[in-house]
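Note sheet for the following structure.
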Amino acid sequence: MSQPIPIRDDHATRLSWRQTLPLPVLEAGLLLTWSSGFIGARFSIDYAPALLVVFWRSVVVSLLLLPFVYKSLLKTPLSVLLNNAGIGLLAMAGYLTGVTRGIELGVPAGLAALCADLLPLGMALLAAIFLGERLVRQVWMGLIVGLIGVLWVTHGALVLGDAPLWAYGLPVAGMLSLAVATLWQKRASASPSMGLLPNLWLQCFVSSFAFAAIEGSQGSLAPIPSAGFALSVLWTVGLSTLGGYGLYWICLRRSTATRVASVLYLSPPITLLWAWAMFDEPLSWPMAAGMAISAIGIGLVVRAEARQKANGS
């Protein structure tokens, strides 16, 4: 009789930080860790193919989390496992493959990043077309203003490159894959759900097979014995996967999909700050102005959704 009580208390304590920590703090952490993925990709390409690093990051996360999640996984219904596996394939394998393969085929990194940053608009369009959801005018205005800020920051990097024409569709396909996964996750939140760590484990586990199939068709999947490769994998494991994807799903449970996606409009300037700190890349006032414009757009989205919630619409 005495054992169930501390187990329930421990569970409540473990969840409390995600439930009580202010949402803007979680969103700030999301921005920091999500943008670290672009820096990790840039760092890793000097040592290994991008998808090889992504494959091993999925393997390492799966191995690290398995001792902590296997009991929960055994108790989870098969339908819930399949549902979250599908979301993971779209959110991780679909998104990361589209962006990284596009860059490897010659799509400029700035253009690929811009396609990824179209997530809020892509998600809004998909929800309107396929789900019949309607956004108020102020939300659309905020999304467009945020996009203008992104364009302001990245316009200097927007060149066409020499990739095959079809390759330019890969980053867009990756963005749409994450958009579908986000909407799927949000609509499935009312049904029985998995905990954060079991969900991350499952998504990394199933995505590792997709990455293995894609990268394995190009060459060996063996890890490269170098400090640079190991550091690339550890960086993307800790910051990009556990931090970035973990906080993405946490914020999605606390807020609307539109707000979470719109917050990512600030990821390009945060990425530039990362690049300045790590690679001594220059900053400029236009970058700061673009960041301010994106912040205004996010503010419009947040205010409009708060007004909708207050009105009960």
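Values in this text are rule-based calculations from the coordinates and carry no lab data. Remember, it's a predicted structure, so these values are computed and weren't measured experimentally. Cβ atoms come from the backbone with ideal geometry, glycine included; neighbour counts cover every protein chain shown.
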query = Put +1 on the Cβ of every Lys and Arg and -1 on every Asp and Glu Cβ in the range 178-313; which of Ala213, Ala304, Pro269 then has its Cα farthest towards the positive end of the dipole?
reply = Ala304
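What is the range 164-287's relative contact order, in percent, from Cα pairs under 8 angstrom and six or more apart in sequence?
Relative contact order, the range 164-287: 28 percent.
Counting Lys +1, Arg +1, Asp -1, Glu -1, what net charge surrounds Ile298 among other residues with beta carbon under 12 Å of its beta carbon?
Working: positive: Arg259, Arg303; negative: Glu27, Glu305.
Neighbourhood net charge equals 0.
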key: With 5 Å bins from 0: P(r) over the range 112-260, alpha-carbon pairs, percent   = 2, 7, 12, 17, 19, 17, 14, 8, 3, 1, 0
task = Using packing as a proxy for protection, rank 243-254, 285-296 so that the peptide with the highest average count of other Cβ atoms within 10 Å comes first.
result = 243-254, 285-296
query = Quick one: net charge of Ile87's neighbours, Cβ under 12 Å, K/R +1, D/E -1?
reply = +2
note = Among (1) 24.6, 90; (2) 31.7, 107; (3) 19.6, 69, the entry matching Rg and Dmax of the Cα atoms in Å as calculated here is (3)
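Over the chain, what is the relative contact order in percent, taking alpha-carbon pairs closer than 8 angstrom and at least six residues apart? Let's see the in-between values first.
Working: 396 pairs, mean separation 116.2, N = 313.
After rounding, I find 37 percent.
Helices from the chain with mean Kyte-Doolittle at least 1.6 and a Cα length along the axis of 24 Å or more, per DSSP H: which? Write out the running numbers ahead of the final one.
Numbers: long enough: 23-44 (31 Å, 1.00); 50-75 (35 Å, 1.71); 137-154 (26 Å, 1.52); 169-187 (27 Å, 0.75); 196-216 (29 Å, 1.20); 285-311 (39 Å, 0.53).
Span-like helices, by this rule, are 50-75.
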query = Using mean Cβ contacts within 10 Å as the protection proxy, how do 79-89, 141-151, 194-204 order, highest first?
reply = 194-204, 141-151, 79-89
